[in-house]
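Heads up: the structure comes next, in structure tokens.
The values are calculated or read from the model by the stated rules, or taken from the named source; none is laboratory data. A quick note: this is a predicted structure, and the numbers were derived from the prediction, not measured. So basically every Cβ, Gly included, is an ideal-geometry build from the backbone, and we count neighbours across all protein chains shown. All accessible areas refer to the heavy atoms of the entire protein, side chains included, with ligands and DNA or RNA removed. Shrake-Rupley method; radii C 1.70, N 1.55, O 1.52, S 1.80 Å.
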Amino acid sequence: MVKYRCGNCGRMIDIEDLEVLPGIRCSYCGHRVLYKIRSPTIKKIKAR
Ligand SMILES: [Zn+2]
């Protein structure tokens, strides 16, 4: 699941909320700079 964080108010925004709006904006303060946040992927590493 991809989430964004507003560069102004720092709120977390789901990508589903962004798709509703015309263009990428913070739905709380209207700021245009959003940072993409990835959920940490879990990788299997073989231990030797
Ligand atoms: Zn904001």
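The number of residues in the stretch 1-26 that are of a type outside the set (Val, Ile, Thr), more than 8 Å from the ligand (Cβ to nearest atom) and open to solvent by 60 Å² or more (accessible area, probe 1.4 Å) comes to 10. Contact annotation: residue pairs with Cβ atoms under 9 Å, 6 or more positions apart or on different chains, pairing a residue in the stretch 27-39 that is of a type in the set (Lys, Arg) with a partner that is in a loop (DSSP other than H, G, I, E, B) and more than 8 Å from the ligand (Cβ to nearest atom), are 32/23; 32/24; 32/25.
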